[in-house]
1. Give the carbon-plus-sulfur fraction of the accessible surface of the chain in %, rounded to a whole number; probe 1.4 Å, heavy atoms of protein chains only.
2. Per the helix-only calculation at 222 nm, which mean residue ellipticity applies to the chain, given -39500 (n - 2.57) for every DSSP H run of n ≥ 4 and division by its residues, nearest 500 deg cm²/dmol?
3. For q = 0.07, 0.15, 0.16 Å⁻¹, what log10 I(q)/I(0) does the chain give under the Debye formula with an equal point scatterer on each alpha carbon and no solvent?
4. For the stretch 2-88, with every protein chain kept in place, what is the accessible area per residue (1.4 Å probe, Å²)?
5. Charges at C-beta only: +1 for Lys and Arg, -1 for Asp and Glu. How large is the resulting dipole of the chain about its Cα centre, in Debye rounded to 20?
6. At a 4.7 angstrom Cβ threshold, list every cysteine in the chain that has nobody to pair with, or say none.
7. In whole percent, what relative contact order does the chain give with Cα contacts below 8 Å and a gap of six or more residues?
8. Determine the distance separating the Cα centre of the stretch 126-173 from the Cα centre of the stretch 36-79; give it in Å without decimals.
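The values are calculated or read from the model by the stated rules, or taken from the named source; none is laboratory data. If you're wondering where the values come from, they're calculated on a predicted model, not measured in any experiment. When we count neighbours, we look across all protein chains shown, and the Cβ atoms used for this are built from the backbone with ideal geometry, even at glycine. Ligands, DNA and RNA are excluded from the accessible area calculation, which covers all protein heavy atoms including side chains. Shrake-Rupley method; radii C 1.70, N 1.55, O 1.52, S 1.80 Å.
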Amino acid sequence: MEEELINLQTNASSLIISTDDAEELEKIREDFLGKDGSLTDAIKRIGKLPQESRPEIGKLANEIKNTIEDLISHKLKSKKINTGPAKRSKKIDVTMPGQALPLGHLHLITQGIEEITNIFEHIGFTRVRYPEVEWDWYAFTALNFPENHPARDDWETFFVKEEPHPKNGQMVLTPHTSSGQIREMEKGELPIKMLNVAKCYRRQSDVSHVPMFHQFEGLVVGENISITHLKGVLDYFFKSYLGEKRKFRIRPYHFQFTEPSFEIDVSCGVCNGRGCKLCKAGWLELGGAGMVHPNVLKNGGIDTKKYTGFAFGWGVERVLMMKEDLALEDLRILYSNDLRFLEQF
Ligand code: DAH
């Protein structure tokens, strides 16, 4: 019996020492000293012991009972004891309203890309993806840029420090989606109705330029393709994307890879064509377009006697800015990861 009592004390003290939790301490008290507690049970059995050992064992049992009581109340008074809300929250009140988890959403640019893709897919274009790290051949030479011609400078290209490829030349970060034109032609599947949406890279950064941005490139190659088809596609795109009210115009321009080449302007949605800080004269310059230069078709392995084509390449960020409801004054905010901005969309 003596041994049993000492074991009970050892167990109780080690349990008390190892917890800082008020509820657990109360449970220890109940387990040892409660009505059916193990020490209470031992004390009840003292009456059955031989008369002569009863006083001594009784005294020991009482001391142990007091020790356990003292240890528990001492611990309960100590500052470390945890009775706070963390403990209480363990109890779940199923009648409380649930907590809604914060839901994210697609980035504005991704939303734009999806909308643009849907519009073009609707009239039979297929979205493709080509490498972001490209060869000079695809980005420039095959697009009718004479070798080492300064026209490459207009694209403010990032050149990659790599051994040049024997046929394809220098490695570059693709500066425009036009490099996808030759890759698409190389597939040898005609007619072509390609939509290449991709990241592009140029050494530039100001209110209307970022070093990494997105372009979408359309390429249509087939029999009897003419400028009227290009105009029809532009018309359909602007009406679908910007609404019926906005106007666009085609201006003669020069690109190496199209002949004739155009620049496309869209009437400004911020000032409705009156002229403002964003557009200056009422028109926003959107990007290029034109009839694919025969040399480009040849470089892509296409029979120029049988086929012609048109192409256009525009910035996703730029067309986003042209949405009437999105008068962005500084393009860089799109990439600033500022939730106060992003959560508005
Ligand atoms: N690649 C040109 C640029 O980044 C844009 C462009 C112009 C694309 C004319 C075209 C085009 O497809 O026909 O500035």
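1. 53
2. Rounded to the nearest 500, the figure is -10500 deg cm²/dmol.
3. -0.50, -1.23, -1.34
4. 67
5. In total the dipole reaches around 820 debye.
6. By the Cβ distance rule, which asks for a partner under 4.7 Å, the isolated cysteines are Cys200.
7. 14
8. Centre-to-centre (Cα) distance: 89 Å.
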